[in-house]
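Data first, discussion second: the structure below is written as structure tokens.
Taken together, the values in this text are just the output of simple stated rules run on the coordinates, not laboratory data. Only a predicted model underlies this, so the values are computations on that prediction, with no experimental measurement involved. Ideal geometry is used to build each Cβ from the backbone, glycine not excepted, and the neighbour counts take in all protein chains shown.
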Amino acid sequence: MTLNIAILIKLEPDFSEGNVSYNTDGTLNRAETKNTLGPHSTIAATAAFYSKVKYGAKISIGTMGPPVAESALQQAQQLCDADELHLYSDRIFAGADTLATAELLKAGIQKMQGKMDIVFSGHRASDGETGQTGPQTAWKLGFTFLGNVVDYEVNLQNQTIRAKRLIRLQGFYDVIEEIEAPLPVFIAIDPSYKAVFNNISHRLAYEKYQKEARLRAQNYKQYLKVFNAAELGVDSKKVGLAGSPTIVYKVERIPKGKANRQAEVVDGSNAEHMRKVIARLQEAMSGMVIK
Amino acid sequence: MTEGDYRHLYVIMEQEEGELLPVSLEMLGEARRLFDDFNKKHSSNEKVVAVILGYKIKEISKKLIEYGADAVISVDSPELRYVRNTIYTKVISQIASDKEAAKKIDEEYAGQFKRPRYMFFAADSIGRHLSSTVLAELESGLASDINKLVIEDIEITHQNKTGGKPLTYEKTLEMYRPDFSGFLWTTILCLDNRNSSIERDYHPQACSIIPGVFAPIEADSKRKGKIIEYVPTIEEQDLKVKMLSRKVIRSKVDFDSHKAIVSFGRGIKDSPEQNIKLIEQLANELDAEIGISLPISKKLFSLSPALDSKYIISDRVIGTSGRKVSPMLYVAIGISGAMQHIAGMKESEFVVAINSDENSLIKNECDLFIKGRMEDVIPVLIAELQKQKQVIQS
């Protein structure tokens with residue numbers, strides 16, 4: 001049997017130096033900032049590619065966004081050699097919160113060829129950063145949700161998956177959990193995920209599919225299907241702004257807090273000043289601070 | 001909606017093997033402060049309800065009351081020893097829709113109870129996902145990573161929500177969320193649709209709260225509250241995930257046993273690779289651990305794999321989305337001083353900033369501000385420190 005895999009990705013602002021632009025007040029300049037496949041989407045595509053190499057999985061990729069978001073599909077296809085690319089694009093999808101987005105992505109996944117065994121999403125988007133859309137889509141699909149997955153292996157015979165999850169208990173230690181679950185599952189992949197290919201046949205398959213992926217991505221439009229609301233068959237009251245319980249009420253600059261400390265300003269190019277700095281550092285380290 | 005349909009604030013606790021995570025008491029503290037004001041303002045008697053799931057957790061309930069809960073709904077079962085998303089989501093959703101449990105909390109309006117008015121979760125590895133699936137099940141709105149909360153009556157004019165007419169939404173939870181830059185606050189509201197073509201209620205109004213932001217209240221052993229031992233319906237199909245093993249790991253990054261911490265931010269941008277190496281040397285001279293700001297963890301710069309894998313990791317992030325530290329000496333290099341970062345280091349004993357921009361926010365948060373480019377300043381510091389060491393040794 002073939003393992004069917006879906007990946008949900010997102011086109012996001014490119015935060016890398018040279019591509020990102022900030023306003024003078026420190027906020028993101030969206031007009032000047034380029035867009036790219038989100039870093040967490042990249043990891044999700046890499047995790048899916050592991051299944052392509054290891055189990056010969058068939059991969060479908062879906063994204064919601066404006067027409068330009070097809071560039072993210074192309075980038076992701078090049079990473080994982082996908083057979084099917086879906087763009088969900090319609091004016092009425094705009095302004096959706098995570099619940100309304102999950103409703104739409106569920107409908108999208110259900111339009112993909114074959115019954116999905118694993119759906120991958122990134123840990124969170126680098127612009128919205130909620131990390132809610134993945135688990136909410138999983139819940140609407142009725143798939144077991146596994147978050148923070150750092151490693152996984154599929155047992156095709158038993159239709160099960162074993163996964164390691166990294167759980168950060170803030171204020172405590174971290175925990176690595178190993179779990180087993182029957183397919184289908186929805187995985188939000190952890191940022192620290194790395195695919196490892198130990199044997200030669202996997203490395204050969206890796207080369208082969210990578211080459212194929214490059215060729216396919218060059219002709220990605222051949223694999224691309226664009227869906228509007230009607231084609232997806234979604235209830236217009238459940239998607240976009242209309243289907244969103246939450247609204248953004250206001251955006252404001254975080255007010256400057258009152259100065260918590262009185263800084264003494266010294267000139268970094270003045271040798272005398274710098275010798276004094278050293279003395280202060282050493283006082284601080286010895287616990288003899290006089291403020 | 002009718003008065004009494006939506007009542008109380010349910011706060012979802014987190015614990016590990018019977019020990020509360022700090023964020024649990026922080027959320028309770030903020031819930032207590034909000035609801036003391038709320039009840040006074042509205043002459044009402046709505047409750048802060050702590051909801052806790054786990055195994056062998058009976059001892060904890062009393063503590064939750066001491067820390068501000070009016071009532072505790074506690075579910076104790078071996079199946080709930082570790083957080084598994086499906087069963088946890090089902091049980092919490094059951095509790096949130098349970099009239100009988102609401103009646104035990106408070107008789108008033110209990111027959112009408114549909115859902116909690118508000119719900120809080122922690123914005124961590126557990127609560128982030130749990131809040132998402134619970135609110136998908138309850139089909140209501142959720143805001144993530146909140147660091148300020150206000151309850152107000154708000155007049156709203158919104159195409160979808162009100163059909164373009166001004167309407168007053170009473171007792172609305174304003175959920176403030178700092179964006180990734182740390183400079184902008186977005187206020188998110190969860191509002192019922194009162195536009196006749198898409199009319200529906202959205203309750204609870206829910207959010208996840210950043211750990212480390214709010215202070216717990218002082219424990220008071222005389223506080224009274226109700227403890228409700230809740231027995232949920234657990235179905236076999238919700239227990240599909242089997243726990244095979246669980247291993248505690250401790251981070252290699254050690255902020256606690258070093259006297260000094262040297263941190264860097266976006267200011268390394270002119271020559272990231274060289275600057276990190278300089279910072280490494282300085283940290284070495286000071287016997288300091290190295291931290292980073294949140295933006296740095298987003299892999300802004302292309303670095304050699306050796307530096308990238310050592311330093312550009314989430315374990316090193318200091319701030320609300322990372323660790324809170326309080327060393328004797330904190331050196332902030334090329335860090336602008338966004339609120340998120342300050343929250344993680346403000347308890348430090350002595351703070352030194354190296355920054356070329358005297359207008360940056362970090363100036364308000366440091367004791368010594370070295371004005372200059374890090375490329376120029378750090379080598380001088382390193383040379384001076386080395387010189388002094390030689391003096392001591394000779």
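Starting from the Cα gyration tensor of chain B, take the square roots of the eigenvalues, sort them a ≥ b ≥ c, and report rounded, prolate or oblate (rounded when a/c is under 1.5, otherwise prolate if a/b is larger than b/c, else oblate). Taking the square roots of the gyration eigenvalues as a ≥ b ≥ c, chain B is prolate.
Expressed to the nearest 5 percent, the antiparallel share of DSSP beta bridges inside the stretch B:6-239 is 35 percent. Among the listed pairs B:LYS47/B:LYS114; B:LYS310/B:LYS371; B:LYS252/B:LYS299, those with a Cα-Cα distance over 24 Å are B:LYS310/B:LYS371. Shape summary: the stretch A:1-74 maps onto an equivalent ellipsoid whose semi-axes, from the alpha-carbon gyration tensor, are 31, 12, 7 Å in decreasing order.
Comparing A:SER89, A:SER192, A:SER60, which has the greatest mean-square fluctuation in the GNM of chain A with Cα pairs linked when under 10 Å apart? Most flexible of the set in this elastic network: A:SER192.
Entry note, chain B: relative contact order of 14 percent, from Cα contacts under 8 Å with a spacing of 6+ residues. Computed extension gain for B:LYS387 through B:GLN237, at 0.36 nm per residue and net of the alpha carbon distance, reaches 47.1 nm. In this calculation the C-beta distance from B:GLU3 to B:LYS104 is compared with R0 = 22 Å, giving a FRET efficiency of 0.65.
Angle of helix B:127-138 to the longest C-alpha principal axis of chain B, folded into 0 to 90 degrees and rounded to 10: 30°. Summarising the strand pairing of the stretch A:4-232, around 40 percent of its internal DSSP beta bridges are antiparallel. Relative to the longest principal axis of the Cα atoms of chain A, the long axis of helix A:200-218 makes an angle of roughly 90 degrees. How would you classify the stretch B:260-393 from its alpha-carbon gyration tensor, with a ≥ b ≥ c the square roots of the eigenvalues: rounded for a/c under 1.5, else prolate if a/b is greater than b/c, otherwise oblate? Taking the square roots of the gyration eigenvalues as a ≥ b ≥ c, the stretch B:260-393 is rounded.
Label-to-label distance, A:GLN210 versus B:GLU17, with points set 7 angstrom from Cα along the beta-carbon direction: 4.2 nm. Applying the criteria of a DSSP loop state and at most 14 other Cβ atoms within 10 Å to the GluC sites (Glu not before Pro) of the stretch A:29-136 yields A:GLU32.
For the pair A:GLN113 and B:LYS41, label points projected 7 Å from Cα toward Cβ lie 5.7 nm apart.
Report, to the nearest 10°, how far helix B:22-42 tilts away from the longest principal axis of the Cα atoms in chain B, using its own Cα long axis and a range of 0 to 90°. For B:22-42 against chain B, the angle is about 50 degrees.
Among the listed pairs A:LYS164/A:LYS237; B:LYS58/B:LYS104; A:LYS164/B:LYS56, those with a Cα-Cα distance over 27 Å are A:LYS164/A:LYS237.
Excluding same-chain neighbours fewer than eight residues apart, the aspartates and glutamates reachable from A:LYS276 by a Cα-Cα span under 16 Å are A:GLU264, A:ASP267, B:ASP367, B:GLU384. In order along the stretch B:327-342, the phi-based Karplus estimate (6.51 cos²θ - 1.76 cosθ + 1.60, θ = phi - 60°) of 3J(HN,Hα) comes to x, 6, 10, 10, 10, 9, 10, x, 10, 6, x, 4, 3, 4, 6, 4 Hz; Gly and Pro are listed as x.
Note on the stretch A:158-291: semi-axes of the ellipsoid equivalent to its C-alpha gyration tensor, largest first and rounded to whole Å, are 51, 30, 22. Within the listed set B:ARG117, B:ARG200, B:ARG250, the Gaussian network model of chain B (springs between alpha-carbon atoms below 10 Å) gives the highest mean-square fluctuation for B:ARG250. The magnitude of the dipole of chain B, with charges of +1 and -1 set on the Cβ of Lys/Arg and Asp/Glu and taken from the Cα centre, is near 440 debye. Between B:VAL150 and B:ASP357, the simple label model (points 7 Å from Cα in the Cβ direction) yields a spacing of 2.7 nm.
Pairs of lysines in the stretch A:35-150 whose Cα atoms sit within less than 18 Å of one another amount to 7, provided the residues are eight or more positions apart or on different chains. Across A:ILE187, A:ILE254, A:ILE92, mean-square fluctuation computed from a Gaussian network of chain A (C-alpha pairs under 10 Å connected) peaks at A:ILE254. Pairs from the list A:LYS10/B:LYS277; B:LYS259/B:LYS298; B:LYS90/B:LYS165; A:LYS225/B:LYS161 with a Cα-Cα gap above 30 Å: A:LYS10/B:LYS277; B:LYS90/B:LYS165; A:LYS225/B:LYS161. Which number do you get for Rg(Cα) / (2.2 N^0.38 Å) in the stretch A:4-232? Ratio of Rg to 2.2 N^0.38 Å for the stretch A:4-232: 1.00. First obtain the Kirkwood hydrodynamic radius of the stretch B:217-314 from its Cα pairs, then insert it into the Stokes-Einstein equation at 37 °C and 0.692 mPa s, and state the resulting D in µm² per second as a whole number. For the chosen part, D equals 181 µm²/s. Taking every alpha-carbon pair under 8 Å whose residues sit at least 6 apart, the stretch A:4-232 reaches a relative contact order of 24 percent. Mean sequence separation of contacting Cα pairs (under 8 Å, at least six apart), scaled by the length of the stretch A:1-128, corresponds to a relative contact order of 37 percent.
Return the loop-located GluC sites (Glu not before Pro) in the stretch B:80-122 (DSSP other than H, G, I, E, B) with at most 11 other Cβ atoms within 10 Å of their own Cβ; answer none if there are none. The qualifying sites are B:GLU107. With neighbour counts taken as other beta-carbon atoms within 10 Å, the residues B:LEU64, A:LEU183 rank, fewest first, as A:LEU183, B:LEU64. Shape of the stretch B:6-239 from the C-alpha gyration tensor: rounded (a/c under 1.5, with a ≥ b ≥ c the square roots of its eigenvalues).
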